[in-house]
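Structure record follows, encoded as C-alpha cells.
The values are calculated or read from the model by the stated rules, or taken from the named source; none is laboratory data. Because the structure is a prediction, the values reported are computed rather than measured. When we count neighbours, we look across all protein chains shown, and the Cβ atoms used for this are built from the backbone with ideal geometry, even at glycine.
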Amino acid sequence: MDTRKTPTIPLPKDWHRHVRSAILHVISLAQFATVYTRSWAVDSMNGRVRLKAERDRLLQELALEREAGRIKDARMARMAALRRPHYLPTERMAILELRAARGWSLEQTGRVFLLTAATIASWMKRVDEEGSDALVQMRVPVNRFPGFVRYVVQQLKVLCPAMGKKKMAEILARAGLHLGTTTVGRMLKEKPAPRPETTRECEAVGRVVTSKYANHVWLVDLTVVPTGRGLWCSWFPFALPQQWPFCHWVAVVMDHSSRRAMGVGIFADRPSCRDVCAFLGRAVRRTGAVPKYIVCDRDSIFDCDAFRRWVRRKGIQPPRYGAVRKHGSIALVERLILTMKQTLGLLPIIPLRRDSIRRELGAVFDWYNECRPHMTLGGKTPNEVYDNRYPANRRPRLEPRKRWPRGSPCARPRTLVAGQPGDRFQVRVQIRTGRRHLPVVSLHRAA
C-alpha cells in the first residue's frame, strides 16, 4: 500500500488580494498561447488542419462578440422599461425588417431588442402611417430630387458604410448621376465630414522634389497590421511582439503623380534593408518602369549605405528623405496606408495566414487603383491617370429631374445629359472578387 501523500504547492501570502489581476494575466497568456499555437496550423499543408484552425478562430470570435452583447444588454435590462431610450422611427423600421428576414415572432423580437411583444405589435399596426410624425419611417429625407434618388443614396450608405459624402458624390458621378457634396450630405442627414487637409508636396533634404509625370517619384513606407484587435496585453511589457503571428509587416510603394499603388509586400517580421530592396526590385520588374526619385522616411532600413548602393545600381537618383518631425513629408503614402487599414477593418477577422492576407491586400489595392476616385485627381481613379484613360465622370450623365433645362450646368464635373431629363434608374452595387467591403457602383436606366 502506497502511503505517499500528493505534494502540495503552498500559496503565496495575501494571495487573495491579487486574484482579479491574476485572472487577467492568465487570460492574456492563454490568448498568447492560442495565437502562437494556431500559427502553425494556418500554414499547414493539410487543408483540413487549416479549416479546423479557421473554424476554431471563428467560434472564438463569435463567443467573444456574444459575451460583449450580453454585457451591454444586461446593462440596459437593469433600467426600467419606461426609462430606456426610445428607438428612432428609422430604427423601428430596421427592427421590423430584421424581424421579417429572421422570421422571428413578437416575443423573440422583443427579447432581442429589450422590448415587449405588445410594442412590436403596435409598430406592425402603424407601419403604413404617412407624414413626418409617423411612428415607423424609411430612411428617406425630404429634398428637391425625386424620392427614388434619395432612397438610392441612403441605401448606398447602408451597403457601403465606409464611404463619405464626397466619395459617394464622386462615385455616383462616375456612374452617371451628378450630385453635389452638400446635396449628398443633406440626403444622408448626417453631420458633415471634416474637410480633408490639402496634401503637402514631398519634402526632401536639400530641395523639394515635385512629381511631374507617372513613375517620376515613388513613395515607400512600412506599417504593421495586427492579426487581432490590437497588440495590447495585460502582462509585461503590455504589448505582444510585433511579428507574425500577432501582426503582419506590410511595405507599400505608390506613384506620386497618379496616386497608384505600385506594389505591396508582406513580411513575417520587421524587414531588413535587403528584404525591402528585393520588394522594390519586384515592383520595378512588374511595372517595367524605374522611377527617377524614391522618397521615404528616416528609418534605419532606408537611411543606410546598402539602400543607397541599391538605388545607385538601378539608375535612380539618391533617395530623398522626408523632413524630420513633419507629418506631411510622405503624406500620400501614409494616407494610402490609412485607407488600406480602414478597408481591412471592415473584415470580421484579419487573416492570420500570410497567403490569405496577401490575397486580401491584392484585392484591396486592385480595387483602390481601378474603382476608388480621388478628390485631388478631380474624381479620377489612379489607373485612369496612370494609363491616361478618359475618366468615367466625364461621360454623359443621367438626369432624374423632369423639368431640368438641358443646357443648365450640373454638379461638378459639368457634363451633358444622356437621353431625356426625368429618366428613372436603378443602382447596382457589385461586390468585387466576392468581398463586400470592395463595392463597385453602377447606374442603369429602369425599363
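Restricting to the range 284-309, name every residue that is within 17 Å of A251 (Cα to Cα) and either surrounded by fewer than 20 Cβ atoms within 10 Å (Cβ to Cβ) or modelled with pLDDT under 90 (or both).
V284, R285, R286, T287, D297, R298, D299, S300, D303
Residues of the range 231-274 being more than 30 Å from P373 (Cα to Cα) and among the basic types (K, R), which ones?
Within the range 231-274, the subset more than 30 Å from P373 (Cα to Cα) is 231-246, 268-274.
Within the range 231-274, R270, R274 qualify.
Going by what's in this entry, would E65 be described as farther than 28 Å from L347 by Cβ and not hydroxyl-bearing (S, T, Y)? Give the steps one after another, and end with the answer.
Working: farther than 28 Å from L347 by Cβ: no; not hydroxyl-bearing (S, T, Y): yes.
No.
Would you confirm whether any residue within the range 159-169 is within 23 Å of P421 (Cα to Cα), modelled with pLDDT of 80 or more and out of contact with any Gly (no Cβ under 6 Å at 6 or more places or on another chain)? Before you say what the answer is, go through the steps one by one.
Here is the first cut: in the range 159-169, the ones within 23 Å of P421 (Cα to Cα) are 168-169.
Restricting the remaining residues to those that are modelled with pLDDT of 80 or more gives 168-169.
Narrowing the set further to residues that are out of contact with any Gly (no Cβ under 6 Å at 6 or more places or on another chain) leaves 168-169.
Among the residues of the range 159-169, at least one is within 23 Å of P421 (Cα to Cα), modelled with pLDDT of 80 or more and out of contact with any Gly (no Cβ under 6 Å at 6 or more places or on another chain), which makes the answer yes.
Of all residues in the range 72-87, how many are more than 27 Å from the chain's Cα centre (by Cα) and either within 13 Å of I120 (Cβ to Cβ) or free of Cβ contacts under 8 Å to residues at least 24 places away in the same chain (or both)?
Number satisfying all stated conditions: 10.
Only one of R389, R414 is at pLDDT 85 or above, part of a loop (DSSP other than H, G, I, E, B) and among the basic types (K, R). Can you tell me which? Steps first, please.
Values: R414 fails: at pLDDT 85 or above.
Sole residue among the options that is at pLDDT 85 or above, part of a loop (DSSP other than H, G, I, E, B) and among the basic types (K, R): R389.
I'd like to know if the range 317-327 contains one or more residues that are among the small types (G, A, S), closer than 14 Å to V220 by Cα and touching a Ser or Thr at 6+ places or on another chain (Cβ under 8 Å).
Within the range 317-327, the subset among the small types (G, A, S) is 322-323.
Still in the running and closer than 14 Å to V220 by Cα: 322.
Next, from what is left, pick out any that are touching a Ser or Thr at 6+ places or on another chain (Cβ under 8 Å): 322.
Yes, because at least one residue in the range 317-327 is among the small types (G, A, S), closer than 14 Å to V220 by Cα and touching a Ser or Thr at 6+ places or on another chain (Cβ under 8 Å).
Quick test for you: out of V127, V35, pick the one residue that is outside any helix (DSSP H, G or I) and either in contact (Cβ under 8 Å) with a residue 24 or more places away in the chain or in the same structural domain as S356 (by TED's automatic domain parsing) (or both). Walk me through it before giving the result.
Numbers: V35 fails: outside any helix (DSSP H, G or I).
None of the others qualify; the one that does is V127.
Quick one: which of T381, T343 is among the hydroxyl-bearing types (S, T, Y) and modelled with pLDDT of 90 or more? Talk me through it step by step, then tell me what you get.
Numbers: T343 fails: modelled with pLDDT of 90 or more.
Result: T381 is the single residue among T381, T343 that is among the hydroxyl-bearing types (S, T, Y) and modelled with pLDDT of 90 or more.
If the requirement is being touching an Asp or Glu at 6+ places or on another chain (Cβ under 9 Å), in contact (Cβ under 8 Å) with a residue 24 or more places away in the chain, of a type outside the set (D, E, K, R) and not in a strand (DSSP E or B), which of these qualifies: W249, W244?
Values: W249 fails: not in a strand (DSSP E or B).
W244 is the lone residue from the list that is touching an Asp or Glu at 6+ places or on another chain (Cβ under 9 Å), in contact (Cβ under 8 Å) with a residue 24 or more places away in the chain, of a type outside the set (D, E, K, R) and not in a strand (DSSP E or B).
I'd like the full set of residues that are over 17 Å from R99 (Cα atoms) and surrounded by 11 or more Cβ atoms within 10 Å (Cβ to Cβ), limited to the range 121-134.
Of everything in the range 121-134, those that are over 17 Å from R99 (Cα atoms) and surrounded by 11 or more Cβ atoms within 10 Å (Cβ to Cβ) turn out to be E129, A134.
Taking into account only those residues within the range 392-447 that are touching a strand residue (DSSP E or B) at 6+ places or on another chain (Cβ under 9 Å) and among the basic types (K, R), which is surrounded by the fewest Cβ atoms within 10 Å (Cβ to Cβ)?
Across the range 392-447, the extreme among qualifying residues is R406.
Among the residues of the range 85-99, are any surrounded by 11 or more Cβ atoms within 10 Å (Cβ to Cβ) and more than 30 Å from Q155 (Cβ to Cβ)?
no
Looking at the structure I just gave you, is T381 surrounded by 15 or more Cβ atoms within 10 Å (Cβ to Cβ) and touching a residue at least 12 places away in the same chain (Cβ under 8 Å)?
Details: surrounded by 15 or more Cβ atoms within 10 Å (Cβ to Cβ): yes; touching a residue at least 12 places away in the same chain (Cβ under 8 Å): yes.
Yes; evaluated as a whole, the condition is true for this residue.
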